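Input: a single structure, listed below in structure tokens.
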There are 4 protein chains.
Amino acid sequence: MPATHPPRSQPEHDPSAHRTEDPSLSRIGTFSDGVFAIAITLLILAIRIPHPTDADAGQGLLTLLTQEWRSYLAFVLSFMTVGINWANHRVMFKIFVRADHGLIWLNLLYLMVGVVFIPVPTAILGAWLGDPNNQVVAAVFYGAVGTVGAVLFVLLWWYGAYVARLTSPELSARQLRAITISWAPAPFVIATLTAIAFASPYLAVAGYLAIVLVYILPVPKLVALGQQRRRASRRA
Amino acid sequence: MPATHPPRSQPEHDPSAHRTEDPSLSRIGTFSDGVFAIAITLLILAIRIPHPTDADAGQGLLTLLTQEWRSYLAFVLSFMTVGINWANHRVMFKIFVRADHGLIWLNLLYLMVGVVFIPVPTAILGAWLGDPNNQVVAAVFYGAVGTVGAVLFVLLWWYGAYVARLTSPELSARQLRAITISWAPAPFVIATLTAIAFASPYLAVAGYLAIVLVYILPVPKLVALGQQRRRASRRA
Amino acid sequence: MPATHPPRSQPEHDPSAHRTEDPSLSRIGTFSDGVFAIAITLLILAIRIPHPTDADAGQGLLTLLTQEWRSYLAFVLSFMTVGINWANHRVMFKIFVRADHGLIWLNLLYLMVGVVFIPVPTAILGAWLGDPNNQVVAAVFYGAVGTVGAVLFVLLWWYGAYVARLTSPELSARQLRAITISWAPAPFVIATLTAIAFASPYLAVAGYLAIVLVYILPVPKLVALGQQRRRASRRA
Amino acid sequence: MPATHPPRSQPEHDPSAHRTEDPSLSRIGTFSDGVFAIAITLLILAIRIPHPTDADAGQGLLTLLTQEWRSYLAFVLSFMTVGINWANHRVMFKIFVRADHGLIWLNLLYLMVGVVFIPVPTAILGAWLGDPNNQVVAAVFYGAVGTVGAVLFVLLWWYGAYVARLTSPELSARQLRAITISWAPAPFVIATLTAIAFASPYLAVAGYLAIVLVYILPVPKLVALGQQRRRASRRA
């Protein structure tokens, strides 16, 4: 684990090395995809697997499985959240046309907090939600990690789109702004739900679930609208 | 873990962005392949590794290993089942020529239940089969997860082929129907075996194994038939 | 986990679909590489991590770490063995020019026993070697899994090269035989070491290590020979 | 796990197989990327997840989480260290234009010690730092593994660039030397910090963190300098 000092700015900042920048970007994307795929699969480790030799095995397998419903809920919630992150990350890296040193490190920071760390708050939420003395801590911890992850995601976009200008020059300022507006509210929404968790952890968890559903549900409507428009334009 | 709202329909539904749809589809395929590869490897965690400091270590390593045969059976069964899912998923995504928002989310849902979650029922089946009071629950749980996974797989195909029409226009309705007919029975077969598990968990597990064998075994026959036909056409 | 019945022979055996066979082969290679990468990384789970709250923590961290030397040895041995398998698999799939249904299933079977399962005998060897009553079982188990893995590897090659003839037609029978001769002895060598493990588990482990070293060491010699030849041909 | 003997030197050393060497190199890079992505994600396993049934659960979740701060510190430190390794490895394999047998094995050795093994010293550092009798062992163990990893990284570069000459012939000796000078100090710096750990483990950990920060921080300056230059050249 050497903190070796490579010729770091060279491969990325050298304007003459224009051809090699695309593979660089795609390798970051592939690496990130791998981290997403592994982290989303490791979420399963948050679910306790009961054994016949466990102290509480006498309650029967059915009881042991059903009383774990909060772990299943936390698994589903985090799986879909990491999935949303992956889909958004995919969109972002399709907009970028090159990578630089700063993008690599902000991306790693984002992957660390917003993706790889998620199994920990997930397992804690699944294990402690329902414990009257500790469920507030569990739900606030879950929301706080989510908020920092969302902040880092927006920071990554802000750095790539506005600081290092890694996007295609063909993208208009208006298009950039539309994407920024669509992503910027997330940290505020999750931070608000985290604040709500202090008062009611279950309400906060319901809010986390609602975000996931809102993200997925409006689509049929949009698709229908799009089809209407296409039909209209064919008639015209 | 921000539930950020990206310009979601844009990269997929924008008809002008025709060139970018192929990489989008391939990135979903690559991500799915990663999830398949990780989930199939994590199945190994369902097998208990005895240690010399365990309470039952006095029985000897040989006894500890051989009495775990149900875990090995569950591992082999689930490994082959995930493998069949991977091979079928591979076939499905070779038929699709583009992706849309709905496909991404149905695919994630399928991966969550039909792939990533599998280590849990596998470990439970391996640990509780043979326990007279709980083996019915273990076998029904295993079959129920399998049934839902199969339903989601068929749903994914139905959405891609008939709702969003993501398949190549060159594919005839007859070819589509042939594929649908080959995939549609799976949920019903697994659901039937799950019902049988209520009466006899071992018979159900034998049925799960039989499906895997049926899937793999007829091939030599088909290959032989194919070779006969080729020989016949050469003679003609 | 549906055992869905896809149009299996179609994409592979349809001679008209010639263009799609290369991506099919490469997707099997990518999937296998993923499984290799995950299994080789999961070997780390065979190493016990001591905690200050453990019952034997009073012995001090240094003692706890050094007495685990057999686990480290088993980790290194299996890491290099999986690495050799990966390198050989890489060579094999570079020789194949297309895939068929049988290759997919034999490859999955090989991955199951020869790659994904390896962490289990590795952890068992590391934990039980040195236990006078059980180390024979541990070393024989390790060797037996290795033997079956080697048999499946050779079977995969035999199927692809001689039964389904998936290799390039440009490859001469002599070249095929050279490869077969280089791979065929492995199962016999490992089976012999497994037999030796019944008498002396440490001698068998030394033999497993020797195979790994033999595989890696002669290379400098070969490289030197190659350079001599090149120099000679330049002079001529 | 057969130690099968493939036609090893053939695909790499055969000068006539020139076209196949590029894919060979890229497959090593992809495999390494997979190992990096998995090992960096598995670091999360070093963080203990408290459960309501634990013996110390009475202290409350907040206390259990905050007293684990050393595990979080070790996780962040190792995540960034593996990230630096990945970025440097990416740079190195962009410089190489072909692979040979020696590169494959040195790369595997580096991955084994410098990447896959890292979760072990990370978990040990997180668990034992703060234990007055054992924290020196934990910090020295962490530094020693880091030193060996750094040595193997430099060895990999030295082999590829100077022994097997796998770099592009277009790269000048001066450019090679610049890269070597940027990477060579790492083992000495980490070895020095490891020696310091004998006297003060916390100072050593602060040093490990400082290396990571030094690696990441100067970049804004460099970027600013680069922008100044660009502006200057535009004016000229």
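Numerical summary
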| quantity | calculated |
| --- | --- |
| Inter-copy label distances at B:E170 (7 Å, Cα→Cβ; nm, one decimal) | 2.6, 2.6, 3.7 |
| Copies compared at C:T192 - label distances in nm, ascending, label defined 7 Å from Cα in the Cβ direction | 5.2, 5.3, 7.4 |
| Overall form of the stretch B:71-120 per C-alpha gyration tensor (a/c, 1.5; a/b vs b/c) | oblate |
| Cα gyration tensor category, rounded, prolate or oblate, for the stretch C:131-192 with a/c compared to 1.5 | prolate |
| Residues of the stretch B:112-129 buried by at least 50 Å² on assembly (accessible area, 1.4 Å probe, chain alone as reference) | B:M112, B:V116, B:F117, B:V120, B:I124, B:W128 |
| For C:81-87, mean number of other protein chain Cβ atoms within 10 Å | 6 |
| Pairwise label distance in nanometres, B:L217 with D:S168, each label 7 Å out on the Cα-Cβ vector | 5.7 |
| Alpha-carbon centroids, the stretch B:85-102 and the stretch B:117-137: separation in whole Å | 31 |
| Residue-averaged beta-carbon neighbours from other chains (10 angstrom radius) around A:41-54 | 6 |
| Label geometry 7 Å along the beta-carbon vector: C:G130 inter-copy distances in nm | 2.9, 2.9, 4.1 |
| Long-range amide H partners of A:A99 with built H, under 5 Å | A:L25 |
| Rounded to whole Hz, the Karplus (6.51, -1.76, 1.60) HN-Hα couplings of the stretch B:138-146, x for glycine and proline | 4, 6, 5, 4, 4, x, 5, 4, x |
| Pairwise burial C:D, computed as accessible area of each alone minus the pair, summed, 1.4 Å, Å² | 4800 |
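The values are calculated or read from the model by the stated rules, or taken from the named source; none is laboratory data. What you see is a predicted model; the values in this text were computed from it and never measured. Neighbour counts are summed over all protein chains in view; Cβ atoms, including those assigned to glycine, are modelled from backbone coordinates with ideal geometry. Accessible surface areas use protein heavy atoms only, side chains included; no ligands, DNA or RNA. Shrake-Rupley method; radii C 1.70, N 1.55, O 1.52, S 1.80 Å.
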